[in-house]
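Encoded as structure tokens, the structure appears first; notes follow it.
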Amino acid sequence: MLTRFFLMGLDRKAGVVLTILALLAVLVPVSTLLVPADSPFHLSIFTVSLLGKYLCFALLALALDLVWGYCGILSLGHAAFFALGGYAMGMHLMRQIGPRGVYGNPVLPDFMVFLNWTELPWYWLGFDHFWFAALMVLAVPGALAFAFGWFAFRSRVTGVYLSIITQAMTFALLLAFFRNDMGFGGNNGLTDFKEILGADIQAPGTRVGLFVATVVALALSYMIASGIIGSKLGKVLVAVRDTESRVRFLGYNTEHYKLFAWTLSACMAGVAGALYVPQVGIINPSEFAPASSIEAVIWVAVGGRGTLAGAILGAVLVNFGKSYFTGALPELWLFALGGLFVAVTLFLPKGLLGLGAQLMARMPKSKSLPNGKPADQKGM
Amino acid sequence: MSAEDTLLYLDGVSVSFDGFRALNSLSLVMMPGEMRAIIGPNGAGKTTMMDVITGKTRPDHGTILFEGATDLTKLREASIANLGIGRKFQRPTVFEPHTVWDNLELALKAPRGPLKTLTYAIGRDDKARIEEILDVTRLSPKRDRIAGSLSHGEKQWLEIGMLLAQDPKLLLVDEPVAGMTDAETEQTAQLLCDIAGKHSVIVVEHDMSFVRALGVKVTVLAEGSVLAEGSLDAVSANQQVIDVYLGR
Amino acid sequence: MRRALRWLLAVCVVAATTSVALAADLRPLVQSLGTGGYAGTEKGLAQLSEAGDPAAVPVIEALQAGDLYVRKADGVVVIARKAGSDYALTDPLGGASLGEAPAGAIEKIKVNNALRRAISASLGALTLMSPDAGIRRSAADAVFKSRDATALDALNTALAKEQDSSVRRAMEQARAAITLTAGASDEDTRVAVATLAGRSDQDALALLSSVASSSSASETAKAAAASAIASVQLKLTLWGVAQNLWYGLSLGSVLLLAAIGLAVTFGVMGVINMAHGEMVMIGAYTTFMVQELFRAHAPGLFDLSILVALPAAFLVSGGVGILIERSVIRWLYGRPLETLLATWGLSLALQQAVRSIFGPSNREVGAPSWMSGAFELGGLTITYGRLWIVVFAFAVFAALLVALKRTWFGLSIRAVTQNRPMANAMGIRTAKVDALTFGLGSGIAGLAGVALSQIDNVSPNLGQGYIIDSFMVVVFGGVGNLWGTLVGALTLGTLNKFLEPYAGAVLGKILVLIFIILFIQRRPRGLFALKGRAVEA
């Protein structure tokens, strides 16, 4: 049953994506850990973490594409789910610091000692267990998305209105997480992590392990997403995207479909955030900023909305560009990003991959035209 | 008249938009297996009537009962559709990025929950049913075409096909022959008459020759309520009908 | 130049004051402050207050501040203030400079607690007789605060002569405060309580409470105090509500200004302009530029700079808006989500452009004199700046309403938004109308920028702070309805300000956001939604 589901979505494009990911999962550890440092094929730990960061963003983009590209929900608040997953992981890593903090308190993280708190708030309980934190990485973004989506979709908030209230949601969370008395480290967020699952978080082996975990998560999410899209559910989603009311008159509860995709997507974003935090070593409220969410949207748009591979490609390309620009020409980065937004919407509405797919789709169509019935030529 | 035994029972249904009364105490009864043609001038409330039956618009007043018992005014579109009321829109709306086959598969009577559709695998019966509908609607050669690339007439047929795939008890058909050739119009009339044996059908149409070809009871709507009811010849002779509609 | 002028002025003032005969009479009294220790100082002080000459006020103030010294060499009383390592000496009467002296050459006239009370009492008494009503009034307020019984005589004398009714009231209240503090007959206490009940503030409340809870006061006095407390508390609550309403109105008008341009581009045209905040920002920077020009070329006319900035900001922001519409937005009509992304990109680029040109730090925008300061209205303090912004916001709203309802341009806009092909067929050049409408919305954002430059930091991020709030206002009020925007802005502003005292500013804002998110669920099309079939399409 499950295998059939996974196989259903696997076409040639999926094969390419999964092969590339598999190669990354093998080659990167080898060239980092086994190839000597003076070889041209050696990858530094810094590069591995950078690649890992890109792939986390790719997973966020994949999640966003699932709702935007296939379900027509333009979320301007997806970074909120990413950040919530990140915070859940960050809380676990904070608990792992134990007495090694600046204040040496075995239970309380430094910022709580600094605030003169005497005991751990209830919502921090349980995060010392990895499995609990891992559950929360899925459950917290998922629950928020479910509650938000339940109300929003039921009352048929759509289009621009939905986008604006998702933005309001992440903005409210941004303000909330900035507050010190929320108990999430306020402005500074959570940082100074020491170890994950007993391994030193700075050690090359751990870094490579995190990278491989990210690749696996991305590959798994890709397979889930393409499995869904290939199923009848995926076809209903696309139908909802284009003509929602018509789908309702066929007897489908479109709200449930949107809620399913939306919640699943939020969980994926949460996983991306959880993998991101140990690799960059910090999570702070700026991840909630509306700008982060909109930036994720442009990754998807660049690669091509409605193509899963495009979302991954877009995220990696744009972030590579960002790393390059902010290093070499920091003044120009915002011009470049702004220009990218305008250029993509004006000239590349289907993104890089969409462009190719569009051209390919056109060829067999033109061939089939002469075979059509006479009714073809008539009509409009 | 009592609501029992009826398939669809509308009593005193009123709807207004910003002071404009689209439906004005409309009452209408459909028996199981009946086919009815509805005519009327623009703004008579034909489309609004379909909207209130299918749950798109909530009436301000009035009763709408399905099969004598189910109150449609309390339900949402999807639930109403699942009761067995199918609708074809005035402007053909099909799922343009999907193939003809996928359009029919989506419409095909089957469990409608997300998890059910996620694990749905098409069975032999369903395949046979889709093949059958493809034949009836003459879309067999175009089963793998993207619906968006069909001509206007083909889209009309595809939508009728989707309606058949839904296998509803009551079909609401809004201007099915708009944009069709005379031959296609005739075929459509024949198709609807075939369907009418097993299902109830309400057809809204302007095309008088089409209505005549259907040869069924006609209801004339004007200004949101029923003006006349009876055979086409009887209503055509009605002076009021001539004044508001036919005479113009 | 300016220093020389000031010096000249000082000389004139000194000449004028020393020429007054009375000053000579005061001198021995001033001199007596410096002899005989505390007792001597107290005696001198009493004589100074009895003389009743306002010229003694600076002397006593210096004594209060600990700036009054005796020059050891000749025993002359002087005012000494630290200047470098030495002290600068001045004549306490008239302020003429007496040169400098090292710390060792002078001795401070010491003050103890008993003296301190006497000082404030005599200051109160002296200023109560001042010819300036403002000084008399603040003196009465000072006595009210100190409740010094020694000022009672002076207060009575002053009351007998007082003509100004508001000063009179202040003096009566001060007298009542003294009466209540010192304890008095039942009848006097009753009168005092009644007087204080008219003064509805925390001070009066504290005084009245002390009466109500004192053991010496009679039952009738206590009852009178209790009922006075109730009435004062009610008034205080009402003023608190009024204050919140005013803050709400003030915040609401800021929101209105920020959102009203959006109501045109989003509400009327259906275009999501995420760069709207940057249009506001450009308006603010235009104000800065205009003020720079005034500072450089016509500093005397600085008060007029805002009036020039208004049309300038409207034209600059409107021009940028038209440019954006012609170059980007017109290709994206009917694709609101794409418009949203493209304009977001533009907003990033505009922010960076302004950052590159003007730098990332805040720019100083000054307030003209007629916009600074404040006045009191009952228990409210209203700053002129805020008042002008409220007035301005409503003026812009009214002007826009008239423009849309009564002008040919407004008619064209409505025609195009309601039925584009028909408008086209009637000979309206829709492309031109689109561009001008967008320009209008952006221009209004520019006007908002002028106003916001008065109350917010002018930095490249100025607009970002307002964009989400503006969208909330428009969506809450109902798209396509200017009145909805007005009601939305005022409601959200007031709601925010009423939540703030209970929840704090940040939490209040979060609560408002959650409120809007939930509200949109109830009414997806806002407070003043358009109904009917046209909307469904």
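The values are calculated or read from the model by the stated rules, or taken from the named source; none is laboratory data. All values derive from a computational prediction rather than experimental measurement. As a convention, Cβ positions derive from the backbone with ideal geometry for all residues, glycine included, and neighbour counts pool all protein chains shown. SASA here: full protein model, heavy atoms, side chains in, ligands and nucleic acids out. Shrake-Rupley method; radii C 1.70, N 1.55, O 1.52, S 1.80 Å.
The figures follow:
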read-out	value
Residue A:107-residue C:375 FRET efficiency (beta carbon distance; Förster radius 45 Å; 0.05 resolution)	0.20
Three semi-axes of the equivalent ellipsoid, the stretch C:115-217, Cα gyration tensor, whole Å, largest first	22, 15, 12
Principal-axis tilt of helix A:159-178 within chain A, Cα atoms, nearest 10 degrees	0
Equivalent-ellipsoid semi-axes of the stretch B:8-246, from the Cα gyration tensor, Å, largest first	31, 22, 15
Hypothetical label at residue C:117: residues of the stretch C:33-47 whose amide nitrogen lies under 19 Å (7 Å Cα-Cβ projection)	C:38-47
Projected label distance in nm at residue A:158 and residue C:27, using a 7 Å step from Cα toward the beta-carbon	9.5
Two-decimal Rg to Rh for chain C - Kirkwood Rh, Cα set	1.13
Interface size A-B, as summed buried accessible area [1.4 Å probe, Å², nearest 100]	3500
Proximal lysines to residue C:43, defined as alpha-carbon separation beneath 23 angstrom and excluding residues fewer than eight positions away on the same chain	C:72, C:108, C:110
FRET efficiency for residue C:237 and residue C:206, using Cβ-Cβ distance with R0 set to 25 Å, rounded to 0.05	0.95
Cut-off 15 Å between beta-carbons: net charge of the residues surrounding residue C:255, Lys and Arg +1, Asp and Glu -1	0
Low-density loop cleavage sites - trypsin sites (Lys or Arg not before Pro) in the stretch B:196-242, where at most 11 other Cβ are within 10 Å (DSSP)	B:198
Nitroxide proxy distance, nm - points 7 Å out along Cα→Cβ at residue A:42 and residue A:122	5.4
0 to 90° range, to nearest 10: angle between helix A:78-97 axis and chain A longest Cα axis	30
Estimated 222 nm signal from helices in chain B, with DSSP H stretches of n ≥ 4 weighted -39500 (n - 2.57), rounded to 500	-10000 deg cm²/dmol
If the convex hull is drawn through the Cα atoms of the stretch A:17-133, its volume per residue in Å³	179
Sequence-distant aspartates and glutamates (8 or more away, or on other chains) whose Cα lies within less than 19 Å of residue A:13	A:65
Loss of accessible area when A meets C, both sides summed, Å² nearest 100, probe 1.4 Å	3500
The protein assembly as shown: Cα Rg divided by the 2.2 N^0.38 Å rule of thumb	1.24
Rounded if a/c under 1.5, otherwise prolate or oblate - chain A, Cα gyration tensor axes	prolate
Chain C - mean residue ellipticity at 222 nm from DSSP helices (-39,500 (n - 2.57) per run, n ≥ 4, rounded to 500)	-23000 deg cm²/dmol
The stretch B:1-108: GluC sites (Glu not before Pro) in DSSP coil with no more than 15 other Cβ atoms inside 10 Å	B:4
Chain A, relative contact order [Cα under 8 Å, separation at least 6], %	31
Cα-projected label distance for residue C:61 with residue A:216, points at 7 Å along beta-carbon direction, nm	7.9
Nearby lysines by direct alpha-carbon distance to residue B:169 (threshold 21 angstrom, same-chain neighbours under 8 apart not counted)	B:46, B:56, B:74, B:88, B:109, B:198, B:217
Averaged over B:157-165, number of beta-carbon atoms from partner chains that fall within 10 Å	1
Net lengthening on full extension, residue C:214/residue C:130 (0.36 nm per residue, minus Cα-Cα)	26.7 nm
Å² of accessible area per residue within chain B, as computed with a 1.4 Å probe and no ligands counted	41
Estimated FRET transfer efficiency (residue B:209, residue C:429; beta-carbon r; R0 51 Å; 0.05)	0.70
Dipole of the stretch C:242-460, positive direction: furthest Cα of C:264, C:247, C:315, with charges on the beta-carbon	C:264
Computed over chain C: relative contact order in percent, which uses C-alpha pairs under 8 Å that are six or more apart	14
Principal-axis tilt of helix C:408-418 within chain C, Cα atoms, nearest 10 degrees	60
Surface share of carbon and sulfur [accessible, 1.4 angstrom probe, percent] for the protein assembly as shown	61
Extreme residue, positive dipole direction of chain C, given options C:276, C:177, C:226 (C-beta unit charges)	C:276
Overall Cα dimensions of the stretch C:308-388, principal axis frame, Å, largest first	55, 31, 22
